[in-house]
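Step one of this worksheet: look at the structure below.
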Amino acid sequence: MAMAAGAQGQVMVTTVRNGHSYEAPTSDFLTLSHASGEVRVLDARGLLLESKMAYLPRIKLSDLSQAELEALLETKTAYATLTVYGSLQLTNAHSAVIENQLRQAWQRGGSLAEKMQTRLEILADLREFNNNLGLLQGSMIAASQDDAQANAVYDQQTNRAAMVATAAAHVDVAEQQQASGVTDSRLGERQAKETYQEMAERLERANGRTIIADGQAASANQQVTDYLTNCVAISARLASHGIIIPAVPPFYPIPRLMMQSEVDAARVAN
């Protein structure tokens, strides 16, 4: 059915569609008892209208009347938000399973406001899950590269330390030769000390690079842990709504979902 404002600003039915197949709404204009404008955003935080090139304060779904909620379903932005989950992962075998779970969650809902609110919360979690999963994959690659770099720098530091130890031993030998009065030992002592100083400076620089590389590797691995933790937490929240996705690795991205049937059924009922 289509909705329009009455004389007192209330939403009323103006036309009734016949049949079971509904076309998607094509207008975003919405008239409520206390506000009107174009629907720009509908999410778990509520409804955002634009009027006269300005955004109105958000409106919670729980603050809308049944007739206003029905009218909201007849706007294209709200309808698209509630019926399509976009994803870089195209429709696959998981799509039908999740769509069925979403349909059951909708049917379990109480009022229309509760059904819509739950759907929006689930969709927000699905988007957050995919975002974290994408970041997790990137972080795992970065962590692997940083670990390899840290290992290489550590090996270089170990080599430098061995070279310093050898140079220090040469200095000891030169000093002992100088004390024993060995001919030209003063020159040998000076060269040994210069070599030791050079090796010590290289070791210090290697130590600095090791600290930086270790820090980068630790940061990358912490990001992996954080994104893994987020995915697990989101899976738990979705499970509370009956949406079952893996709660432990390996995770899979949420595919594209189509959810028109239950929303169209609500439009027919209303």
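Look at segment 59-78: where a residue is over 17 Å from V41 (Cβ atoms), no partner that is of a type in the set (F, W, Y) and crowded, with 21+ Cβ neighbours inside 10 Å sits 6+ places away or on another chain with Cβ atoms under 9 Å.
In the set L64, L72, L88, only one residue is over 12 Å from L123 (Cα atoms) and surrounded by fewer than 14 Cβ atoms within 10 Å (Cβ to Cβ); that residue is L88. I need the strands (runs of 3 or more DSSP E) fully contained in segment 1-52, keeping only those with at least 2 residues that are modelled with pLDDT under 50 and of a type outside the set (V, I, T). Ranges flagged: 2-5.
Has segment 106-129 got any residue that is in contact with a helix residue (DSSP H, G or I) (Cβ under 8 Å, 6 or more places away or on another chain), of a type outside the set (A, V, I, L, M) and surrounded by fewer than 14 Cβ atoms within 10 Å (Cβ to Cβ)? Yes, the conditions are met somewhere in segment 106-129.
Looking only at residues in segment 201-231 that are surrounded by fewer than 16 Cβ atoms within 10 Å (Cβ to Cβ) and closer than 18 Å to N132 by Cβ, the one that is farthest from the chain's Cα centre (by Cα) is S219. Summed over segment 206-264, the residues that are part of a loop (DSSP other than H, G, I, E, B), of a type outside the set (D, E, K, R) and either touching a helix residue (DSSP H, G or I) at 6+ places or on another chain (Cβ under 9 Å) or at pLDDT 95 or above (or both) give a count of 15.
The values are calculated or read from the model by the stated rules, or taken from the named source; none is laboratory data. Because the structure is predicted, anything quoted here is derived from the model rather than measured. Using ideal geometry, Cβ is built from the backbone for each residue, glycine included, and neighbour counts are taken over all protein chains shown.
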